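FYI, it's all coordinate maths here, none of it is from the lab. Note that the structure is predicted; figures quoted are calculated from it, not measured. Heads up, the Cβs are rebuilt from the backbone with ideal geometry, glycines too, and the neighbour counts pull from every protein chain shown.
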Amino acid sequence: MSNPIYNLLDKVTSLYINLKKNQVNPFWVFPRYLGYKLQHKNIIPHQKTTIVGLKNIETGGSVSIGITACGTDHKNDPTIIRAEGKLIFKGDFSIGRGCRFDIGPRAKVVIGKHGYINYNTNIIITKQLEIGDSCAIGWNCQFLDTDFHEINYDDKKREEDQGIKIGNHVWIGCNSKIYKNSVIANSSVVASDSVVKGRFEEENVLIGGNPAHILKRNISWK
């Protein structure tokens, strides 16, 4: 039978080694990690992490913030999460350094398990964002579900803003922009530097361009 004390020591030792490897200060991380645990939030924060609205965050697994270095980021890149609305992690998830989350007071963001968001990505949501399981989101991406300003012109079509929905096992390449009312279906790939403004409900497709369109069908990726 496994000893729970030994299991805990193994986890702490493994985390300590990983933090040192990635130039993260474990003596700063551990107190904050324990403080979050006492508030029922399973968050492992990099020393340059700022969280506003902790009460609005739910963690269904371990959420690491800025822990894993990616080569071109820097150990002092700050990550800021401002959650006036709901931010829900369904399971284990990793957020890179330098990311910005700005979740409005009436917004809801739901992020699936076993995925990651790479460094310097901006999540700016006023209504709704859903990201499925096992998604890989590259660096310098942006998710924005509002125009903030209104432009009127003749024959303008009115549509209700419905947020953004990303399916399971979706790879979004670096520097891509995902805008309001966009849908990306399961097992699809968004090419780097793409601008997505539309509903791509067909699964297993490669989309890319500005504006993005389907480039290939029946793809697979790993």
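Details
- Positive-end extreme of charge dipole, the chain - chosen from V12, N118, T72 (charges on Cβ): V12
- Crossing angle, helix 26-38 versus the chain [Cα axis fit, 0-90 degrees, rounded to tens]: 80 degrees
- Taking each DSSP H run with n ≥ 4 as -39500 (n - 2.57) and averaging over every residue of the chain yields -4500 deg cm²/dmol at 222 nm.
- The range 71-181 - Debye-derived log10 I(q)/I(0), Cα point model, q = 0.12 Å⁻¹: -0.42
- Furthest towards positive pole of dipole, I95, N25, S182, structure part the chain, Cβ charges: N25
- DSSP-defined antiparallel bridges as percent of all bridges, the chain, nearest 5: 10 percent
- Estimated FRET transfer efficiency (D155, L38; beta-carbon r; R0 45 Å; 0.05): 0.20
- Among I131, T59, G104 the positive-end extreme of the charge dipole of the range 1-143 (Cβ point charges): G104
- Restraint check, K75/K113; K11/K197; K108/K157; K165/K222, Cα-Cα greater than 32 Å: K11/K197
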